[in-house]
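Reading through the structure tokens given below for one structure.
The values are calculated or read from the model by the stated rules, or taken from the named source; none is laboratory data. Being a predicted model, the structure only gives us computed values, none of them experimental. No Cβ is skipped: glycine too gets one built from the backbone with ideal geometry, and neighbour counts run over all protein chains shown. When the accessible area is computed, the model is the full protein with side chains, heavy atoms only, and any ligands, DNA or RNA have been set aside. Shrake-Rupley method; radii C 1.70, N 1.55, O 1.52, S 1.80 Å.
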Amino acid sequence: MTPTDAPTTTPANAPTTAVTNIAALVTNDPSLGDGSPIGLIQDAAVVIGGDRVIWVGESSKAPATDNAVDAGGRAAVPGFVDSHSHLVFAGDRTQEFNARMSGRPYSAGGIRTTVAATRAATDDELSANVAKYLAEALRQGTTTQETKSGYGLTVADEARALRVAARHTDEVTYLGAHIVAPELADDPAAYVALVTGDMLDACAPYARWVDVFCEKGAFDGDQARAVLTAGRAKGLVPRVHANQLSYGPGVQLAVELDAASADHCTHLTDADVDALAHSRTVATLLPGAEFSTRAQWPDARRLLDAGATVALSTDCNPGSSFTSSMAFCIALAVRDMGMTPDEAIWSASAGGAAALRRTDVGRLAPGARADLVLLDAPSHVHLAYRPGVPLTHAVWKAGERVR
């Protein structure tokens with residue numbers, strides 16, 4: 001069963017809980033509240049039954065429930081949906097970061113350091129690492145997390161990375177085409193054949209998505225097309241690392257193949273922006289990478305004004321964006337990428353859901369999964385207004401209070 005097939009009915013005997021006295025509730029449903037894209041309701045309540053939201057509205061009109069939680073005048077937002085991360089890894093790249101901050105630019109080749117450490121790690125070590133970073137993200141309000149392989153680059157290591165990831169999340173992505181494996185650096189065609197052949201056969205049963213790093217130093221347009229079409233033939237849905245370090249064919253390829261998302265989107269032509277705006281491919285922006293590499297910021301304003309759907313994600317990985325904080329990415333998007341606070345909270349929740357083609361998460365409306373974050377603040381705007389401050393007061397995931 002895929003995540004989008006999750007049941008939307010509440011068991012008749014499930015206890016109900018009302019979270020009341022919410023100062024401002026972001027629903028991401030424009031039919032609710034103020035009618036804006038974030039569907040803001042003032043002085044609100046949310047009623048949870050089982051793992052679902054069964055009612056939202058003004059706090060004074062909340063129905064009777066089995067249990068009640070007083071939000072104390074705090075704001076509530078949907079659980080963050082982080083649609084791009086690389087959590088199956090081992091090792092540390094502190095020295096690389098330190099050197100880069102001293103003037104050496106980031107290049108795709110830095111991935112090889114993590115490949116060596118990941119290959120040397122045990123399954124238990126990798127699983128513990130994934131669990132640690134998922135727990136870290138959950139404490140900060142992330143209730144849905146995608147993660148990828150890509151640090152094994154052999155048939156056995158990529159397959160075990162996906163097996164490990166699948167223990168922890170439903171949103172698993174096959175990224176054998178992260179870079180060319182060191183052993184085949186002089187024969188990229190042979191590596192593409194491996195990625196689209198034996199490696200894909202071994203990995204497809206554990207993944208929902210297929211991804212490729214379409215970039216100079218990684219895979220060109222023809223190679224990326226081969227990887228994505230082979231994955232699609234195995235039932236995997238494409239997504240693309242596109243146009244991060246330079247202009248290139250990644251965005252156009254993503255749109256052509258109806259990829260769920262084109263991720264990074266830092267260097268875009270007008271034709272790229274237009275293609276995204278007239279497709280259902282989501283432009284997923286990853287400001288942690290630009291922050292950690294001192295690179296050019298993606299222009300979210302340009303994409304939004306053109307009508308493209310925009311998501312925000314952490315790109316949590318040990319090399320170029322070692323953060324699990326969606327709140328931090330919201331603050332960066334507002335400060336440096338031209339987004340309003342309303343747009344940023346939508347992109348970090350509903351936008352991420354769109355990038356994962358999910359309708360059950362990223363919103364707080366009847367029928368949605370009960371993923372809710374209470375903030376130690378009266379408004380979601382504080383996520384950008386108070387950058388770096390730990391504002392997460394409480395988290396519910398699938399109706400269960402986990403913090």
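A few comments on the model shown:
- Whole-percent P(r), the chain, all Cα pairs, 10 Å bins from 0: 5, 24, 33, 24, 11, 3, 0.
- Accessible carbon and sulfur surface of the stretch 45-100 relative to its total accessible area, %, 1.4 Å: 46
- For the stretch 265-282, backbone phi angles converted through the Karplus equation (6.51, -1.76, 1.60; θ = phi - 60°) give residue-by-residue couplings of 6, 7, 10, 10, 7, 4, 5, 5, 4, 5, 4, 5, 5, 10, 9, 9, 6, 7 Hz, Gly and Pro being listed as x.
- Taking the average, over residues, of other Cβ atoms within 10 Å as the packing measure, peptides 110-119, 143-152, 346-355, 328-337 rank 346-355, 143-152, 328-337, 110-119 from highest down.
- The dipole here belongs to the chain: it is taken about the Cα centre, uses +1 on the Cβ of Lys and Arg and -1 on the Cβ of Asp and Glu, and is about 540 debye.
- Entry note: the stretch 88-184 has Rg to Rh equal to 0.99, where both radii use alpha-carbon atoms and Rh is the Kirkwood radius.
- Nearest-0.05 FRET efficiency for Asn13 and Asp336, computed from C-beta distance (R0 41 Å): 0.25
- With every protein chain in place, the stretch 219-316: carbon and sulfur % of accessible area (1.4 Å): 49
- Label point 7 Å beyond Cα of Ala271 along Cβ direction - residues of the stretch 242-261 with amide nitrogen under 12 Å: 248-253
- Evaluated over the chain, the count of Lys pairs having alpha-carbon atoms less than 26 Å apart is 6 (only pairs 8 or more residues apart or interchain).
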